[in-house]
Amino acid sequence: MTRRPLWDRRRGLLAAALAVVVTNAAVFAHVGWNRAGGPVARLELTDREIRLPYYNPSSFADDEDTGLALHLDVQESAEAWLDRERLGELGFDVRTDPGAKGAPIRYRNVLPRDVWLVLELDGETLRRHLAGLAEEVEETRRAVAAGEQEQPALEWAEGRLAEARWNGSRLFAVDAGLDRGGLRERYPEPERYAVVPGTARIWLVGKTKDEPAYLTGDVSPTVTRLQVPLRFRREVLRAGRAYSERETVSGGRYPRVFRAEVAFGRLGEPWLESVEALSVEAPASDSQTESDMPDGIDGESGGG
Amino acid sequence: MTDPEGTAPPVPPAPPGEGRPASKQEAQRRADRVLAFRAELRALEAEGAGLPAAEAERIGRHHDSLLAALAERFDVDVTEGEKGLSRGMRIAAFLGALALAASVVLLFYRVWGIISTPVQVAVLVAAPLLGLAATELAARRERSGYFATLAGLVAFAAFVLNVTALGEIFAITPSDTAFLAWAAFAFAIAYGYGLRVLLVAGIASLVMFLSARTGAWGGWYWLHFGERPENFLPAGLLLCAVPTVLVHRRLPDFAPLYRLFGLLTVLLPVLVLAHWGAGSYLPLRSGTLESIYQVLGFVLSALAIGVGIRKRWNEWVNLGTVFFVIFTWTKFVDWFWDWMPKYMFFLIVAATAVAALWVLQRLRGLARRPEATP
């Protein structure tokens, strides 16, 4: 009697089909687990934090790709919170002193590590960021008055402040860690904070005449792209067109054209819950920080 | 594999010491030996040293029915003309598969923005399953395997699209286990239908998974595994060992592919690191690392040539030679390009090529073993 081969066409076909079924089942289980129990966080974002597809009259949706995607714009805080100690907590080997002779080789091209990131919407980090820019404006104004700098420098500083205040993203990466549960406990507000998967990088800043060598890094979320489901397509297209055709009001401020609720599940992966294209009228305030701005700083050139 | 299961005419009894061909590749080798035998017999007859007529006729009749049976059962080529056409068919099948796979992927991206999520999911899940069905149908209808290869590659591309697009639709954090799923799929088809192209797809996916996992075990985010070529070395060594552990009796042509891609997966990272020491895990100066990997590259490629000659692994001899030459020439560029007159540089390159030819010729002479006479 002929021995049946260990692997034949029928088994190959069944095994391949099983691979498809099992893989898709795993994907759906993953998605289901992420969304089970409802959102862990829900952030209301505008076109400040979400980059809309650019409207090109000749081919808005690329003819070869009809999919529309929104991109989260996550800012990095100017505050250097990623120091050697924090980087060590994130799993990087930071035992070698940054000033040691072997440090440049030791910290050369270190690969990123996966971490959990905390995203903060319209919170204290933004306030401090704006206050820092406002202080820069004041310093530049004093320098111009003293003849140490030219007027364009002041205009540039004021433009930066206005851009950050009215148009820039209010979403900042403010913390990172390896324990997602611990981060959620530290940042419990579901409408202001989202804990998401991300990566952290480390690099060595060499010694200068004013400062010794030190370690620093940055973080970025892993998923920033949100595919637009069919039911939101029309709104996004309307908003995209309005976004491309919008003009500034006073002080370099653009009107808001889009609002979206982005939910985050227990695995930190996002999805769109609602989308609304706004009618382009006189811009309403969309940031509580507007009322927090120091008096006299309004982002206009020469203003006081 | 492509056996019509019970409808093939009986193959003549196998000579003592030789079994019935278990695969198309074995059958083709047998057919090639018969054709070579016939050509040699004609030459001997012309020289007056042929077989007695009765015996020659008996052998001729035996070979006629053997070739007919092999062609019927395995669709082998029995003439040089058929062989040439088969080569063309293989190229056409491969290019056709690539084009069809690209078309399927682009078609999906063309329409996915205007269909709802449930429809997107249904299309993505159904596509690789339909591709599998097409592969099975092609294998049943046509024994050569070319159409099955085409359908199998398209099924693989559809499965890659399935996983990738679902990841985009649901904003799933990228994972290296996708490579494992793709590898499992490709291997299942490759071994089930005897398709070498799918084996290569499976090997490539497995290499990616193992390399990504090697990086991830070091604590790094897996997506950056390519920034450390050393991540590929364990995968390469594993592939080289596969034919030793798994004897491919039914599919003997698979073993050389494992060895070829295993060696490639080892030599290519070494070549990269020989010019980019900063990409190494080792905490040494870039220049030192580049020197180390250059020496290693020479040693490994020479070793591959030596082992390939000894074991009669042509793929190792050829690949080892190619990389030895690449390592030599890139070293020449480092040493000579900036200061040497260009005509002299290329003269030296040509001289090394001639030297390599001479060495290989000597090695070929050593590799020849006298055939035992009956």
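Observations on the structure shown:
- Tallying residues that are touching a Ser or Thr at 6+ places or on another chain (Cβ under 7 Å) and assigned to a strand (DSSP E or B) within region A:220-229 yields 1.
- When the test is whether a residue is more than 30 Å from A:Arg113 (Cβ to Cβ), touching an Asp or Glu at 6+ places or on another chain (Cβ under 7 Å) and either modelled with pLDDT of 90 or more or of a type in the set (D, E, K, R) (or both), B:Arg312 does not pass it.
Condition check ((1) surrounded by 23 or more Cβ atoms within 10 Å (Cβ to Cβ); (2) more than 7 Å from chain A (Cβ to nearest Cβ); (3) of a type outside the set (Asp, Glu)) across all residues:
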residue: B:Gly113; (1), (2), (3): no, no, yes
residue: B:Pro118; (1), (2), (3): no, yes, yes
residue: B:Thr135; (1), (2), (3): yes, yes, yes
residue: B:Arg143; (1), (2), (3): no, yes, yes
residue: B:Val154; (1), (2), (3): yes, yes, yes
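- The residue that is surrounded by the fewest Cβ atoms within 10 Å (Cβ to Cβ), counting only those in region A:226-279 that are over 13 Å from A:Ile50 (Cβ atoms) and aromatic (Phe, Trp, Tyr), is A:Tyr254.
- Count - residues of region B:170-201 that are touching a Pro at 6+ places or on another chain (Cβ under 9 Å) and either surrounded by fewer than 21 Cβ atoms within 10 Å (Cβ to Cβ) or free of Cβ contacts under 8 Å to residues at least 12 places away in the same chain (or both): 2
- In region A:107-137, residue farthest from the other protein chains (Cβ to nearest Cβ) [restricted to those that are assigned to a helix (DSSP H, G or I) and without any contact (Cβ under 8 Å) to a residue 24 or more places away in the chain]: A:Glu135
- Region B:160-185: number of residues that are among the aromatic types (Phe, Trp, Tyr) and more than 8 Å from every other protein chain (Cβ to nearest Cβ): 2
- Single unsatisfied condition, B:Ala188 versus (1) over 23 Å from B:Leu223 (Cβ atoms); (2) more than 10 Å from chain A (Cβ to nearest Cβ); (3) in a helix (DSSP H, G or I): (2)
- Sub-9 Å Cβ pairs linking a first residue in region A:221-235 that is farther than 19 Å from A:Ala194 by Cβ and without any contact (Cβ under 8 Å) to a residue 40 or more places away in the chain to a second residue that is surrounded by 20 or more Cβ atoms within 10 Å (Cβ to Cβ) and among the aliphatic types (A, V, I, L, M), at least 6 apart or interchain, are A:Arg231/A:Val275; A:Arg234/A:Ala277, ordered by first then second residue.
- Residues that are away from chain B (no Cβ under 13 Å), in contact with a Pro (Cβ under 8 Å, 6 or more places away or on another chain) and over 30 Å from A:Glu185 (Cα atoms) within region A:206-239 comprise A:Gly206, A:Pro212, A:Ala213, A:Tyr214, listed in sequence order.
- Some residue of region A:242-260 being part of a strand (DSSP E or B), touching an Asp or Glu at 6+ places or on another chain (Cβ under 8 Å) and within 14 Å of chain B (Cβ to nearest Cβ): yes
- Restricting A:Glu79, A:Glu64 to residues that are within 28 Å of the chain's Cα centre (by Cα) and either within 13 Å of chain B (Cβ to nearest Cβ) or surrounded by 14 or more Cβ atoms within 10 Å (Cβ to Cβ) (or both) narrows the list to A:Glu64.
The values are calculated or read from the model by the stated rules, or taken from the named source; none is laboratory data. This one's a predicted model, so the numbers in the text were calculated from it and none came from an experiment. With ideal geometry, Cβ positions are generated from the backbone for all residues, glycine too; neighbour counts draw on all protein chains shown.
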